[in-house]
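For reference, the structure is listed below as structure tokens.
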Number of protein chains: 2
Amino acid sequence: MSEPTLLVLAADPPPRLGKLTGRVRVQYADEQSLASRLPYADVLLVWDFTSDAVRLAWPGEGPRPRWVHTPSAGVDRLLCPELVASDTVLTNARGVFEEPIAEYVAGLVLAMAKDLPGTMELQRQRRWRHREGLRVAGTRATVVGAGPIGRAVAGTLEALGVTVAVVGRTERPGIHGAQDLDPLLARADWVVCAAPLTDATRGMFDARRFGLMQPSARFINVGRGPLVLEDDLVAALNKRWIAGAALDVFVSEPLAPDSALWDVPGLIVSPHMSGDTVGWRDRLGEQFVDLYELWEAGKPFPNVVDKKRGYVPMHDVSAD
Amino acid sequence: MSEPTLLVLAADPPPRLGKLTGRVRVQYADEQSLASRLPYADVLLVWDFTSDAVRLAWPGEGPRPRWVHTPSAGVDRLLCPELVASDTVLTNARGVFEEPIAEYVAGLVLAMAKDLPGTMELQRQRRWRHREGLRVAGTRATVVGAGPIGRAVAGTLEALGVTVAVVGRTERPGIHGAQDLDPLLARADWVVCAAPLTDATRGMFDARRFGLMQPSARFINVGRGPLVLEDDLVAALNKRWIAGAALDVFVSEPLAPDSALWDVPGLIVSPHMSGDTVGWRDRLGEQFVDLYELWEAGKPFPNVVDKKRGYVPMHDVSAD
């Protein structure tokens, strides 16, 4: 029996794959060669996960990998109707990004509460101007997205004394259902978007929802860019409907140098880095090797995405 | 019996004093008139606490207030040998600044870990440059200063998963003594200075101590400016002995526009605001009124400064 074929969509070899030497035949593809190689692969590792290549190259009814792994939390760039309909198993990188993203969000909340952006601008101007910060303890946050990232964000904010409401698709213990979203937005000092990008969530943060928020509220998006109607957010900031925002994700990435988003007053722009901490590529490589060894042994998998919903469902999440 | 005289060093009336109407005769002084009025005051409220006026005007052996209150945590600007030697009681604002300062330090730690200053500079330049942040959980902090502020900082950093060592003057349960300072500096990812300014602590952060720190370490001062030899810190940053620093306090405040500190690479400069959150002046006014009512009733006082040591000692602190 010959070893399985692992097709890796990557310009450079991912770390840690050497551990599988002799047990798997590794082939590499780029966006151009992906379509021709996919039918011969048993497993696809989408190491370069920030393109639409898989969706465009997916073979439909033809021969295809039995397993696709993406070293990301969101799977929105991968899903096409044929992949959803197929029996191919899709896994994600649950476990790697949650805590780093939670720290990043806590950093943004504290920085906005203490006006660190204002401090750094005044420092650049060599101006001493005392201001009063806000207490973070005692404020209220609404976290949209009840997956592992949203719940990690909630945990870290709660450790800072913030009262947090988490909103998911459906109501369950400790999680608000979608029907509570609007009133919870209206009561939040901090609105954090950590939702998966699906047909149900695309464009959910629009003019109507920014209009519900308090004038003192700040909005943070660490989910996916298209969850937000960017023009509506810019208008909300310009009209002072809300007090500030931070975007780590955008409809179009990388953000073009001439994008209007770079210099909207009260908006912090960062380059999709909230989950990426030193060593993250090594951890993602290790995670894939661990999953591969389970797959090779025919054992059950963690991190299996419900392809119809577009994320790893809760019962899987709470299983470990 | 006529009501006692409360002398207030302030340009504008502090909030909440109205509650004492009819029970106290309130007089105001500025830096010029302070010396002539001090002998006739029963109580001195040093509302404008950022000057050396009290030290300069203190009447020595002559008639003097029986109680002096400063709405600040540090008392270094007030203490002169005659005040220390006198039987005048000195109280401070313990309880108001601790948690705000702890949040401020946590915000700086997270901002430096995630390179938020770099993100904001790149945003100004409209440049998308992905970088890797640091995890904060699992790092080590050494907090210098075992008073209520140092311990609040430790608690908040611990809530973020940081392993914290607190260093005080003398060893006691949960607190390292001064003999452990150097090895703890050498092992820290974050060094936070929250010590009182006394003869024993002045200039304690010098070239030798910056030289002990790891090249990856960051230094934060929320205590008093003269705890740090500023030139030595600048040299340590320029030589990359340490990775970064944030100063909220300075030898000379406000920092002059031509100070070299404004644009040292890796240094965040903020205008002595770490403890000041919206409503802080009201809280300080309330605190004084509460203390006044205890004094008026002849009841024991909290927040009494050990004038020889220069801070509220631990046994007082742990009493509540």
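The values are calculated or read from the model by the stated rules, or taken from the named source; none is laboratory data. Bear in mind that the values here come from a model prediction, so they are computed numbers and not experimental data. Cβ atoms come from the backbone with ideal geometry, glycine included; neighbour counts cover every protein chain shown. Only protein heavy atoms, including side chains, enter the accessible area calculation; ligands, DNA and RNA are left aside. Shrake-Rupley method; radii C 1.70, N 1.55, O 1.52, S 1.80 Å.
Could you please find all residues in segment A:218-266 being over 27 Å from A:F49 (Cα atoms) and aliphatic (A, V, I, L, M)?
A:V234, A:A235, A:A236, A:L237, A:I242, A:A243, A:V264
I want to confirm something. Restricting to segment A:227-266 and keeping residues that are hydrophobic (A, V, I, L, M, F, W, C), in contact (Cβ under 8 Å) with a residue 24 or more places away in the chain and open to solvent by 40 Å² or more (accessible area, probe 1.4 Å), which single residue is nearest to the other protein chains (Cβ to nearest Cβ)?
Only one residue fits best here, namely A:A260.
Check whether at least one residue in segment B:301-319 is within 10 Å of chain A (Cβ to nearest Cβ), modelled with pLDDT of 95 or more and farther than 24 Å from B:K114 by Cβ, and report yes or no.
no
Among the residues of segment B:34-69, count how many are touching a helix residue (DSSP H, G or I) at 6+ places or on another chain (Cβ under 8 Å) and within 24 Å of B:P313 (Cβ to Cβ).
12
List every residue pair whose Cβ atoms lie under 7 Å apart, where the two residues are 6 or more positions apart in sequence or sit on different chains, the first residue falls within segment B:31-60 and is under 11 Å from B:L7 (Cβ atoms), and the second residue, located anywhere, is in a loop (DSSP other than H, G, I, E, B) and of a type in the set (S, T, Y).
Hits for this filter: B:V46/B:T70.
What tally of residues in segment B:1-31 results from selecting those that are more than 26 Å from the chain's Cα centre (by Cα) and not aliphatic (A, V, I, L, M)?
Matching residues across segment B:1-31 total 11.
Conditions tested, residue by residue: (1) surrounded by 15 or more Cβ atoms within 10 Å (Cβ to Cβ); (2) closer than 30 Å to B:L108 by Cβ.
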{"residue": "A:G62", "(1), (2)": "no, no"}
{"residue": "A:V68", "(1), (2)": "yes, no"}
{"residue": "A:A73", "(1), (2)": "yes, yes"}
{"residue": "A:P100", "(1), (2)": "yes, yes"}
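Going through B:E103, B:E98 one at a time, which residue ends up being under 30 Å from B:D48 (Cβ atoms) and at the interface with chain A (Cβ under 7 Å from one of its Cβ atoms)?
Result of the check over B:E103, B:E98: B:E103.
Which numbered condition trips up B:R151, out of (1) in a helix (DSSP H, G or I); (2) more than 7 Å from chain A (Cβ to nearest Cβ); (3) open to solvent by less than 50 Å² (accessible area, probe 1.4 Å)?
Against the list (1) in a helix (DSSP H, G or I); (2) more than 7 Å from chain A (Cβ to nearest Cβ); (3) open to solvent by less than 50 Å² (accessible area, probe 1.4 Å), B:R151 comes up short only on (3).
Is it the case that segment A:119-140 has a residue that's more than 14 Å from chain B (Cβ to nearest Cβ) and either in a strand (DSSP E or B) or open to solvent by 10 Å² or more (accessible area, probe 1.4 Å) (or both)?
Scanning segment A:119-140, I find at least one residue that is more than 14 Å from chain B (Cβ to nearest Cβ) and either in a strand (DSSP E or B) or open to solvent by 10 Å² or more (accessible area, probe 1.4 Å) (or both), so the answer is yes.
State which residue is least open to solvent (accessible area, probe 1.4 Å) when the search covers only segment A:154-171 and only residues that are more than 16 Å from A:V191 (Cα to Cα) and modelled with pLDDT of 95 or more.
A:A159
Kindly indicate which of B:T5, B:T21 is closer than 17 Å to B:L90 by Cα and polar (S, T, N, Q). Reasoning before the result, please.
Details: B:T21 fails: closer than 17 Å to B:L90 by Cα.
It is B:T5.
Here is a check on your reading of the model: is A:L83 in contact with a strand residue (DSSP E or B) (Cβ under 9 Å, 6 or more places away or on another chain), buried (at least 16 other Cβ atoms within 10 Å of the Cβ) and not in a loop (DSSP other than H, G, I, E, B)? First the steps, then the outcome.
Numbers: in contact with a strand residue (DSSP E or B) (Cβ under 9 Å, 6 or more places away or on another chain): yes; buried (at least 16 other Cβ atoms within 10 Å of the Cβ): yes; not in a loop (DSSP other than H, G, I, E, B): yes.
In short, yes.
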